[in-house]
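Take a look at the structure set out below.
The values are calculated or read from the model by the stated rules, or taken from the named source; none is laboratory data. Remember, predicted model here, so these are calculated numbers, not experimental data. Heads up, the Cβs are rebuilt from the backbone with ideal geometry, glycines too, and the neighbour counts pull from every protein chain shown.
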Amino acid sequence: MPDVIRSRAVAFLLAVCCVLGALTVLAAPAVVPPGTDELGATVATLTDPGLEGRRSGTPGGDRAARRLAAWLQAAGLEPGGDRGTFLQSFVLERAARPAPTSALELEGGPARRLVFGRDFAPHAGSRAGEAAGDVVFVGYGVSAPDAGWDDWAGIDVRGRLALVLDGAPPQLTDGRASRIEKLLAARTHGAAALLVVRDALPPADATAAAVNVLSATLTRAGADALLAPAGRTIDELAAPLATTGAPASVATGARARLRVDIVHDARRAANVVGVLRGKDPLRAGDALVIGAHYDHLGRIEGIVHPGADDNASGTALVVGLARAFAAAGGVDRTLVFVLFGAEELGLLGSGHYVREPVVPLAQTIAMLNFDMVGRLRHRRLFVGGGDSAGGLRALAIEASRGTDVTPEVSGTPWTPSDHSRFYDAGVPVLFFSTGGHDDHHRPSDTVDKIDADGIARVAAVAARVVERLALVPRPTYARLARPAARGGAGGTAADGAFLGIVAASRPGPDGLWLSGVVPGSGAATAGLREGDVIVRFGRNAVDGLDALRGLLRHRRPGDTVDVVYLRDGEAHATAATLGTHP
């Protein structure tokens, strides 16, 4: 073939390829954001009573994760979880429980062993080990001399087993009769073990706060069996407390041996991860994470908290975007859709993903987070993180044009939701929300109050943001200073006093467990940290976040308060200066 003809043939083939390429681009389906009906149906499914509020680590939370995985698979995404699945498992907590090999035996007479799980049960937070000795009745086990009551005064319990009643004397009204307060008093006075008498044995997770002393609960029948060789009953020992209105501690004459064996289990939850590979070979190595947390509070005191807005709304939006972009064949960059578990328990799922990302964080150009997007009011969409990278603020505003949504863009990326884990790790973020309301974290956050059309409007903005981020040069991360601690976490009172803790959601009243501490806050300055358990605030016992909030209502910003907390089974005291609520 002559060179001229060969050159013309090559040029023709190149021209045909260019035309075919252009036709392919033109033929690519447009991204159609999820609509009102689809989003409303997804929220309704996620708030179904069968999912029991989607608390991570519960059967309802596990069912929700499997449902989400099935949706991502049906949409055509690749699995981004463990071992070729859509589920990325992580340890929720390492929970302790008493082992059935634990024993409580009578000594000094015919050998008799009480029945584990019927007559007695060791506390999950008990020290493992064994103690034997005399049984001493120590009333309610309350040490409150300033209130005129001290069961431990005038009785020697050193090296002995202290037997105490559950509850408090009528004279004591400030809560200093909690299980943990009794344990701390027993340890202070040198008791070898503490036995608490209750009408019924508590579940293990209600006794999980660790105090470095042997401890267990007995039923009243179990206590009577323990005292029988000495010819005593628990009612007989308790009677003087009511008739005299004063402590009546006494050696019972009984002897016993307590052995506590503890088993540690890892309770797990999962993120749900689906991947849509990028179409451009030059950009497919970059990733954009699109996420929302799917978990909520589950049951609290038997009442299901459905979490329609928090955060079935954000979850529905992310699932809808996954379907929309998969149907359109994807974009130039890789999209990673992540539904996070355990956000309500301290951003645990997003923390795990950041440690073990599907695409390295060095190749993750941004993270978009959707949390509570189900109540669009006055067309206002709150967008955080606008200053976390150059150009993000303008991009979010531009993406909202013509959508009947008014963006209110804030520069700060420090809102306490899953995106903050990514920003801490060096990834630019945008956080989308339609704002808070009185139903937040209440059983009244129900599907009938969801504005599905509003979610669809937010989804239209989000789709445009994703399309633009798939094409623009990589945003340059900007490290912003943390604002002064002024709110946004547990430990805030309505009148403004702010401690600065993030409370872990626990099923039982056994201290206030911390899943995080706000940097720069009074709690942080006082030395509190994740994993600590606050048990006393001032002179009052604390058995959960509501108790702390009630105590904070009587405090003012600038007050310094003594705080007692547990860490690794030992009690510590500190002082925290309260900050200001915005």
- Within region 344-376, how many residues turn out to be outside any helix (DSSP H, G or I), among the small types (Gly, Ala, Ser) and out of contact with any strand residue (DSSP E or B) (no Cβ under 9 Å at 6 or more places or on another chain)? 1
- Message: Anything in region 471-516 that is buried (at least 21 other Cβ atoms within 10 Å of the Cβ), at pLDDT 85 or above and β-branched (Val, Ile, Thr)? List them, or say none.
- Response: ILE501
- Item | Members of region 396-413 that are out of contact with any strand residue (DSSP E or B) (no Cβ under 6 Å at 6 or more places or on another chain) and buried (at least 22 other Cβ atoms within 10 Å of the Cβ) | ALA399
- Item | region 98-124, subset in contact with a Ser or Thr (Cβ under 7 Å, 6 or more places away or on another chain) and not in a strand (DSSP E or B), residue surrounded by the most Cβ atoms within 10 Å (Cβ to Cβ) | HIS123
- Residues in region 152-197 that are small (Gly, Ala, Ser) and without any contact (Cβ under 8 Å) to a residue 12 or more places away in the chain: how many? 0
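In the set GLY436, GLY402, which member is part of a loop (DSSP other than H, G, I, E, B), over 30 Å from THR45 (Cα atoms) and at pLDDT below 95?
One residue alone meets the criteria, GLY402.
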- Note on the structure: Filtering region 163-203 down to residues that are among the charged types (D, E, K, R) and either more than 30 Å from the chain's Cα centre (by Cα) or at pLDDT 90 or above (or both) yields ASP166, ARG179, GLU181, LYS182, ARG187, ARG198, ASP199
- Message: When you check ALA284 against the structure, is it surrounded by fewer than 23 Cβ atoms within 10 Å (Cβ to Cβ), over 20 Å from LEU430 (Cα atoms), in contact with a Pro (Cβ under 6 Å, 6 or more places away or on another chain) and of a type in the set (Gly, Ala, Ser), yes or no?
- Response: no
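Collect the residues in region 551-582 that are over 23 Å from LEU183 (Cβ atoms) and free of Cβ contacts under 8 Å to residues at least 40 places away in the same chain, keeping them in residue-number order.
HIS554, GLY558, THR560
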- Task: Filter region 125-153 down to residues that are buried (at least 18 other Cβ atoms within 10 Å of the Cβ) and touching an Asp or Glu at 6+ places or on another chain (Cβ under 7 Å) and give me whichever is modelled with the lowest pLDDT.
- Result: ALA144
- Message: Criterion first (touching a residue at least 12 places away in the same chain (Cβ under 8 Å) and within 23 Å of the chain's Cα centre (by Cα)) does PRO49 satisfy it?
- Response: yes
- Message: in a loop (DSSP other than H, G, I, E, B) and either within 21 Å of ALA225 (Cα to Cα) or outside the structural domain of PRO357 (by TED's automatic domain parsing) (or both): which single residue out of ALA256, ALA284, ALA246, ALA251 fits that description?
- Response: ALA246
- Task: Give the residues of region 92-138 that are over 20 Å from ASP166 (Cα atoms) and of a type in the set (S, T, N, Q), sorted by residue number.
- Result: THR101, SER102
- Flagged pairs (Cβ under 9 angstrom, 6 or more apart or on separate chains; first in region 68-81, closer than 13 Å to GLY320 by Cα and not assigned by TED's automatic domain parsing to the domain that holds HIS352; second modelled with pLDDT under 95 and crowded, with 21+ Cβ neighbours inside 10 Å) are none
- Would you check if ALA270 is of a type in the set (A, V, I, L, M, F, W, C), over 25 Å from PHE90 (Cα atoms), modelled with pLDDT of 95 or more and outside any helix (DSSP H, G or I)? no
- Item | Those residues of region 570-580 which are modelled with pLDDT of 90 or more, surrounded by fewer than 18 Cβ atoms within 10 Å (Cβ to Cβ) and in contact with a strand residue (DSSP E or B) (Cβ under 8 Å, 6 or more places away or on another chain), in sequence order | HIS572, ALA573, THR574, ALA575, THR577
- Task: Kindly indicate the residue of region 414-461 that is surrounded by 20 or more Cβ atoms within 10 Å (Cβ to Cβ) and among the polar types (S, T, N, Q) and also nearest to the chain's Cα centre (by Cα) among those meeting that condition.
- Result: SER417
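Where residues in region 521-569 are hydroxyl-bearing (Ser, Thr, Tyr) and not in a helix (DSSP H, G or I), which of them is surrounded by the fewest Cβ atoms within 10 Å (Cβ to Cβ)?
THR560
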- Task: Look through region 529-546, keep the residues that are of a type in the set (A, V, I, L, M) and out of contact with any Phe, Trp or Tyr (no Cβ under 8 Å at 6 or more places or on another chain), and return whichever of them is farthest from VAL563 (Cα to Cα).
- Result: LEU545
- Note on the structure: ALA292: passes all of (1) crowded, with 23+ Cβ neighbours inside 10 Å; (2) in a helix (DSSP H, G or I) but (2)
